[in-house]
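There's a structure below that I have some questions on.
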Amino acid sequence: MGITIQDMRTRPLRDLRISVTDRCNFRCVYCMPKEVFGRDFAFVPQNRLLTFEEIARLARIFIDHGVRKIRLTGGEPLVRRDLPRLIAMLAAIPGLDDLTLTTNGSLLAKQARALKEAGLRRVTVSLDSLDDAVFMAMNDVDFPVERVLEGIDAAAAAGLTPIKVNMVVKRGLNDGNILDMARHFRGTGHVLRFIEYMDVGTTNGWRLDDVLPAAETVRTINAEFPLEPLDSNYPGEVANRYRYRDGAGEIGLIASVTRPFCGDCTRARLSPEGALYTCLFATVGHDFRALLREGRSDEEIGARVRSLWGKRDDRYSELRSSETIGLPKVEMSYIGG
Ligand code: SF4
């Protein structure tokens, strides 16, 4: 099914992350700080968003070029109206092995069943603390933890499993909640993943001092719940996996700062406007919406995919330094994590 294309580092194109909106109902301080993304912020207007038909057509062309996994992201993808209709279109494309979605969980309790029925396989839910005061300080819209936990339960009940729960750890903000999170999700079958705070975009005021290295997180948990490392499920998996020795499940560490994983990065990202980014920390996107709306053929668009991926040489996390931090990187809220 389809062809395999490789980049300059012989990394195949396998994963496409599709951001369906740059809007979100949260204002997480490490992604979409309120001071920048305030009431007057110019989000992408409706007529410049890719339509579901355009997204599905592009997805089919990317699947013809080796994509096997699609992750829907945002902003917050569940604020995009009628999302189950898009999911049904994507789920119907032959050759797709995995169709998942990353959400802040705020709207999941209402939508989980419809997402599953439309063909979504599983979900990843972002939850940065179980402490309401800390969580509200991080999402900056006073949204309570309880409602996200209800969303996770609804997703489990709907069969959107296995569920992954992502916690972005920022030193001095929620690093004191690591053990609470581990205690809460142990034995649930959900995989809790700890993400090192990253210098995504240009707006979150990132400092290396605010990064809690993954090794410290492992030490903290291992002291109470002995852990042992696990092999990756597949090449290019972003998380370093560990299992609890007592069989209570597993956790993951996503350590872009202290353990870069660019070597087998197989991910491309599509913005809500149809711009392709070949790295989370890219400074330039490549316009595919114009190709679609100019009436280019699948073959012409496919050729563009091949030429862009073939020239790809990204490895930002390996090159991260005081010089790179100030680069005009694309915002994570625009292309998804
Ligand atoms: S920094 Fe870029 S190249 Fe490296 S793993 Fe992340 S997205 Fe891939």
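The values are calculated or read from the model by the stated rules, or taken from the named source; none is laboratory data. Computed from a predicted model, the values in this text were never measured in an experiment. No Cβ is skipped: glycine too gets one built from the backbone with ideal geometry, and neighbour counts run over all protein chains shown. Remember, those area values only see protein heavy atoms, side chains included, never the ligands or the DNA or RNA. Shrake-Rupley method; radii C 1.70, N 1.55, O 1.52, S 1.80 Å.
Take the Cα pairs of region 185-337, get the Kirkwood Rh, then feed it into Stokes-Einstein at 25 °C and 0.890 mPa s and tell me D in µm²/s.
It comes out at roughly 139 µm²/s.
List the GluC sites (Glu not before Pro) within region 278-337 that DSSP assigns to loop and that have no more than 16 neighbouring Cβ atoms inside 10 Å.
Passing both the DSSP loop test and the Cβ count: Glu294, Glu323.
Right, something else. Working with all protein chains in place, sort Phe41, Phe261 by solvent-accessible area computed with a 1.4 Å probe, largest first.
So the residues, ranked largest to smallest area, are Phe41, Phe261.
Here's a follow-up. Note down the accessible area of Ser307, probe 1.4 Å, to the nearest 10 Å².
Rounded to the nearest 10, that gives 50 Å².
What do you get for Rg/Rh over region 15-335 if you use C-alpha atoms and the Kirkwood form of Rh?
0.94
Sticking with this structure for a sec: At a 1.4 Å probe radius, carbon and sulfur cover how many percent of the accessible area of region 98-250?
49
What is the distance in Å between the Cα centroid of region 194-259 and that of region 73-88?
Result: 28 Å between the Cα centres.
Starting from the residue with the highest accessible area, list Phe225, Phe135 in decreasing order, probe 1.4 Å.
Per-residue accessible area, sorted high to low, gives Phe225, Phe135.
What is the extension gain from Ala114 to Glu35, computed as 0.36 nm multiplied by their sequence separation minus the C-alpha to C-alpha distance, in nm to one decimal?
Length gained, Ala114 through Glu35: 25.0 nm.
Now, a different point. Rolling a 1.4 angstrom probe over the protein heavy atoms, how many square angstrom per residue are accessible across the chain?
41
Can you pick out the pairs among Lys69/Lys311; Lys116/Lys311; Lys164/Lys311; Lys34/Lys110 whose Cα atoms lie more than 28 Å from each other?
As for pairs spanning more than 28 Å Cα to Cα, those are Lys116/Lys311; Lys164/Lys311.
Please report the spacing between the Cα centers of region 121-150 and region 8-64 in Å, no decimals.
When both Cα centres are located, 21 Å separates them.
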